[in-house]
Structure formats: structure tokens, C-alpha cells
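Following: one structure in C-alpha cells, then a few remarks.
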Amino acid sequence: MRKALAICRRDLGIMFGGPLAWTLIGAFTFLSGYFFYSDLTFYVLFGGGGLPTGLWRYVFLHYRLVAMLVVPLVTMRLLAEERKLGTLELMWSLPIRDQEVLAGKFLAAAVVYLIMLGGTAVGPAVLFALHPFAVGPVLAGYLGMVLLGFGFIACGLAASAIAENQVVSAMLTYGVIVFLWFASTNEAAIGEGVAWIVVGLSLFDRFSGFAQGVVDLRDVVFFAAFAALFLFLALRALGARAWRGVA
């Protein structure tokens with residue numbers, strides 16, 4: 001764990017030492033703030049039921065979209081950049097296990113994501129100060145955002161483990177996430193034989209309950225299993241270097 005934390009601190013230093021992390025945090029905060037303001041304005045003008053289904057549902061569905069756009073840009077460099085610079089081979093020469101490398105990379109991306117998510121709490125906090133509301137549905141929505149984001153990070157880490165550069169890594173992550181999103185909204189296009197598999201793996205259907213303030217333990221387990229699956233794939237991709245003759 002100590003080595004994983006050291007890798008995490010090193011990656012955070014690299015990300016916050018340049019413009020990447022600050023730019024992505026700024027973009028995430030701006031886009032989520034815009035969606036919060038527009039959804040709140042729409043709710044005030046036109047109503048639409050209680051806060052969980054009339055406001056928070058749309059706010060968190062839009063936050064989900066922002067996370068889908070930004071998180072692959074956080075994870076794209078985690079391993080692909082190390083491979084491009086040759087520092088991944090240097091790391092492999094040290095007494096560090098692949099699990100510790102992945103854990104450190106995952107933690108670094110998770111810290112950046114949680115900072116992004118923390119910035120989105122300003123809008124609900126100001127609204128609560130002016131007009132107190134039940135915080136349970138909001139906390140459920142943020143729990144869903146954390147689980148969803150960790151799933152995105154694991155997927156991006158797996159893509160970065162097999163990609164040769166950052167652009168390919170980001171595109172692979174976008175490809176997986178967008179395919180799961182589109183396929184779950186158009187089951188007829190992929191055929192009944194595989195539709196149940198794709199729908200069963202869809203992060204987005206599972207997220208809908210959180211967005212409306214409902215926490216289902218089965219959905220929590222699903223998100224944990226989804227992240228574990230892609231972390232396992234990332235681990236296997238790193239382990240494949242032996243038969244590729246890299247190390």
C-alpha cells in the first residue's frame with residue numbers, strides 16, 4: 001500500500017504540476033454549474049413534481065454526461081504516457097508489483113475526480129442555504145456519481161494499459177462507454193441474443209435509481225463488480241508484457 005500511495009502522490013504531482021488537471025477541473029465545474037443553473041431555472045419556471053424527480057434527477061443525469069466526457073481525459077495518460085516516455089519499463093525494473101502500480105494510478109485519478117465532484121456541490125449547498133430541502137436524495141445522487149466515476153476510471157485505466165498513446169487510450173474509453181450508453185437505449189438494434197448482456201452491463205440504467213434518490217444494494221454491487229472487471233483486465237494487460245518480450 002505504501003508503494004501505491006507513493007505512485008499516487010507522484011501522479012498527482014505530475015497532473016497538478018501542469019495545466020491538464022486544472023483545465024479538466026475547470027471544464028467539469030463550468031459544465032456542471034451550467035447544467036445545475038439551467039435545470040434549476042427550468043424547475044422553478046415549469047415545476048415538474050418533487051425535487052427528486054423534478055430537479056435532482058435531471059441535475060445528476062447531466063452531471064453523468066459531464067463525467068462521461070471528462071473522465072476519459074483524466075485516465076488517458078495514466079499508463080499510455082508512461083509507456084510512451086519509457087518510464088513504465090523503468091518502473092517495472094523496480095520492486096513494485098503490477099497491482100501496486102494500478103492501485104496508485106487508480107487512486108490518483110479518483111482523487112482528481114472527487115475534487116471535480118466536490119466543486120459541483122457548491123450549487124446545491126447555496127440552494128440549501130436559501131431553501132432547505134431533504135438531503136437524502138442528493139447524497140444518493142452523489143453516491144451514484146462516485147460509483148459511476150470509479151467505473152469510468154477503471155475502464156479508462158484498462159484502455160490506457162493497452163494503448164500506445166493518450167489519444168488512442170481516450171478513444172478506446174469513449175468507445176466502450178458510449179457503446180454501452182447507446183446500446184442500452186436501442187436494444188432492438190443489437191438483437192435479442194446479446195441485448196440482455198449489454199443492458200445488464202449498462203452503467204447508465206443502473207445509475208437512474210441513484211439520480212432519483214434511490215440506493216439499491218444490487219446497483220452498488222454492480223458498479224463495484226464493473227470496476228473490478230476492468231481493473232482485472234488492466235492487470236492482465238500489464239502482465240502480458242512478459243510474452244510480448246517487453247520485460
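The values are calculated or read from the model by the stated rules, or taken from the named source; none is laboratory data. None of the values given here were measured: they were computed from a predicted structure. No Cβ is skipped: glycine too gets one built from the backbone with ideal geometry, and neighbour counts run over all protein chains shown. Just so you know, the surface numbers come from the protein's heavy atoms only, side chains and all, with ligands and any DNA or RNA stripped out. Shrake-Rupley method; radii C 1.70, N 1.55, O 1.52, S 1.80 Å.
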Helix 57-75: inclination vs the chain longest Cα principal axis, degrees, rounded to 10, gives 20
With all protein chains present, the chain has a carbon and sulfur share of its accessible area (1.4 Å probe) in percent of 72
For residue 1 the rounded accessible area (nearest 10 Å², probe 1.4 Å, non-protein molecules ignored) is 140
Binned at 5 Å starting from 0, the alpha-carbon pair-distance distribution of the stretch 102-155 in whole percents comes out as 4, 18, 25, 20, 14, 10, 6, 3, 1
Taking Cα atoms only, helix 166-185 is inclined relative to the longest principal axis of the chain by an angle, in degrees rounded to 10, of 40
Among (i) 133; (ii) 141; (iii) 120, the entry matching volume of the Cα convex hull per residue in Å³ as calculated here is (ii)
Ranking 101, 17, 37 by how far each Cα lies towards the positive end of the charge dipole of the stretch 11-137 (+1 on Lys and Arg Cβ, -1 on Asp and Glu Cβ), the top one is 37
The base-10 log of I(q)/I(0) that the Debye equation returns for the stretch 1-80 at q = 0.17 Å⁻¹, one scatterer per C-alpha, is -0.75
Protection proxy (average C-beta count within 10 Å per residue), highest first, orders 2-8, 100-106 as 100-106, 2-8
Between the residues 131, 5, 163, the Cα farthest towards the positive end of the dipole of the chain, that dipole coming from +1 and -1 charges on the beta-carbon of Lys, Arg, Asp and Glu, is from 5
Helix 2-17 sits off the longest principal axis of the Cα atoms of the chain, rounded to the nearest 10 on a 0 to 90 degree scale, by 70
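What accessible area per residue, rounded to a whole number of Å², is obtained for the chain using a probe radius of 1.4 Å? Please list the in-between numbers first.
Working: 11990 Å² over 247 residues.
Each residue of the chain exposes 49 Å² on average to a 1.4 Å probe.
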Under the helix-only model (-39500 (n - 2.57) for each DSSP H run of 4 or more, divided by the residues of the chain), the mean residue ellipticity at 222 nm, to 500 deg cm²/dmol, is -26500 deg cm²/dmol
The chain: relative contact order from alpha carbon pairs under 8 Å, six or more residues apart, as a whole percent, is 28
